[in-house]
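Reading through the structure tokens given below for one structure.
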Amino acid sequence: MKYLIACLLFSLSLTITCFAQDDLKKKNVSDTILKQDRTLEMPNPFDATKALLKLFPGKYYNLSKDKYINDLISWECKTCATKQYTDVNEDGNSPFPFSDGVATRLINIMSYKDSSGTQYKVISFNHSAYDPDGAQTSRFTGGLLGLAKFVLSDSTWKLKFFQPAIAAYGAFSQCPRPVAVLIGKDQYAFMIKSINGAAGGPFDGAFFLIAGANGAYQQVMGAYGIERTEAGDEWSSWTSEYSVPVSEKKFFRDIIITTKGTYTSEDTENMPEELKALIKGKKKGKFMMVQQYVYKGSKGYVPQPVKASLLD
């Protein structure tokens, strides 16, 4: 028995040794990294990881293994003035840069051309609080989104627009991947689908649109309740798609959100009143909703009345 215990302890020590690693280091950076008027040029072909490291010159780590992707820039800024950014989750809203340090990760690269053929690349990146192991935790904390827009000029990618932080979306300190959306003549915005909820579900989703307005990238639309995941026969569930029909509007065209799903009389939470009125007295069935969002200047996109119908 003593031999068995000794072997188990020895095996455990090997396991701990194999997975142990030193805490990630943080590099102190200048407060100039948060200025929107920064200049940066990158050679063609464009390397998003190198560009992000130029924008946030902290200590780079690649902790990826097999299909697990985790490369990050670890930094802190002792002279930066902090600013409060909105988190769509209730437990968020920590001042940025975070007091214990920041981990910045590349989310994706979005490429497009305007009507003249000029090429653009927009990189999105995620800020989360420093973790000594390089982990991202906290279910009800979103990842703080930032964007940098580059334009190709004479074989050089030049930084045209830089927004170091906008707002936090998603869960587990991870912002979902933005998608480029044409909302006007040569006007692109970026749609995010954010989903979160209690363990076990159902999970609720929302669309958030980020666009350039008043000299900054900012959220101009929040469409809540656009999705509810399936969690059992007693729960209602639905999904949504968005479209931006071509119109006479040059900029900020109307956005149409179409929702289809299944309702039950036992679960009407988060349903609009227009749908609740239609399903009154019914037990279960299918429905469709269409809602238009119209841009109203400083108010952003304003939702119009829901048009609901039953598909039974």
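Values for this structure:
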{"read-out": "Condition broken by ALA135, with the remaining ones in (1) among the hydrophobic types (A, V, I, L, M, F, W, C); (2) part of a strand (DSSP E or B); (3) at pLDDT below 95 satisfied", "value": "(2)"}
{"read-out": "Single unsatisfied condition, LEU52 versus (1) closer than 14 Å to HIS127 by Cα; (2) outside any helix (DSSP H, G or I); (3) in contact (Cβ under 8 Å) with a residue 60 or more places away in the chain", "value": "(2)"}
{"read-out": "Any chance ASP100 is in contact (Cβ under 8 Å) with a residue 40 or more places away in the chain, more than 20 Å from VAL220 (Cβ to Cβ), outside any strand (DSSP E or B) and out of contact with any Lys or Arg (no Cβ under 6 Å at 6 or more places or on another chain)", "value": "no"}
{"read-out": "Count - residues of segment 157-213 that are buried (at least 18 other Cβ atoms within 10 Å of the Cβ), at negative phi, out of contact with any Phe, Trp or Tyr (no Cβ under 7 Å at 6 or more places or on another chain) and not in a strand (DSSP E or B)", "value": "1"}
{"read-out": "Residue match in segment 300-310 (condition: in contact with a helix residue (DSSP H, G or I) (Cβ under 8 Å, 6 or more places away or on another chain) and of a type in the set (D, E, K, R))", "value": "yes"}
{"read-out": "Search result, residues across segment 151-195 that are of a type in the set (Ser, Thr, Tyr) and without any contact (Cβ under 8 Å) to a residue 24 or more places away in the chain", "value": "SER153"}
{"read-out": "Hits in segment 168-221 - residues which are over 13 Å from the mean Cα position of the chain (by Cα) and closer than 26 Å to THR268 by Cα", "value": "GLY197, ALA198, ALA199, GLY200, GLY201, PRO202, PHE203, ASP204, MET221"}
{"read-out": "Contacts under 9 angstrom Cβ, first residue in segment 123-134 being touching a residue at least 24 places away in the same chain (Cβ under 8 Å) and closer than 27 Å to PHE150 by Cα, partner among the acidic types (Asp, Glu) and surrounded by fewer than 24 Cβ atoms within 10 Å (Cβ to Cβ), 6 or more apart", "value": "ALA129/ASP100"}
{"read-out": "Test: residue in segment 21-30 that is closer than 30 Å to VAL151 by Cα, at pLDDT 95 or above, in a loop (DSSP other than H, G, I, E, B) and not hydroxyl-bearing (Ser, Thr, Tyr)", "value": "yes"}
{"read-out": "Number of the condition not met by ARG105 [criteria: (1) surrounded by fewer than 19 Cβ atoms within 10 Å (Cβ to Cβ); (2) of a type in the set (D, E, K, R); (3) part of a strand (DSSP E or B); (4) free of Cβ contacts under 8 Å to residues at least 60 places away in the same chain]", "value": "(1)"}
{"read-out": "Selected residue (only one of SER116, SER128, SER111, SER153 is buried (at least 16 other Cβ atoms within 10 Å of the Cβ) and at negative phi)", "value": "SER128"}
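So that you can scan it fast, the table gives a plain yes or no per residue for (1) surrounded by 14 or more Cβ atoms within 10 Å (Cβ to Cβ); (2) in contact (Cβ under 8 Å) with a residue 60 or more places away in the chain; (3) among the polar types (S, T, N, Q); (4) in a loop (DSSP other than H, G, I, E, B):
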residue: THR239; (1), (2), (3), (4): yes, no, yes, no
residue: SER247; (1), (2), (3), (4): no, no, yes, yes
residue: ILE256; (1), (2), (3), (4): yes, no, no, no
residue: THR259; (1), (2), (3), (4): yes, no, yes, no
residue: MET271; (1), (2), (3), (4): yes, no, no, yes
residue: ALA277; (1), (2), (3), (4): no, no, no, no
residue: MET288; (1), (2), (3), (4): yes, no, no, no
residue: TYR293; (1), (2), (3), (4): yes, yes, no, no
residue: VAL302; (1), (2), (3), (4): no, no, no, no
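The values are calculated or read from the model by the stated rules, or taken from the named source; none is laboratory data. Bear in mind the structure is a predicted one, so any value in this text is a computation, not a measurement. A quick note on method: Cβ atoms are made from the backbone with ideal geometry, for glycine too, and the neighbour counts reach across all protein chains shown.
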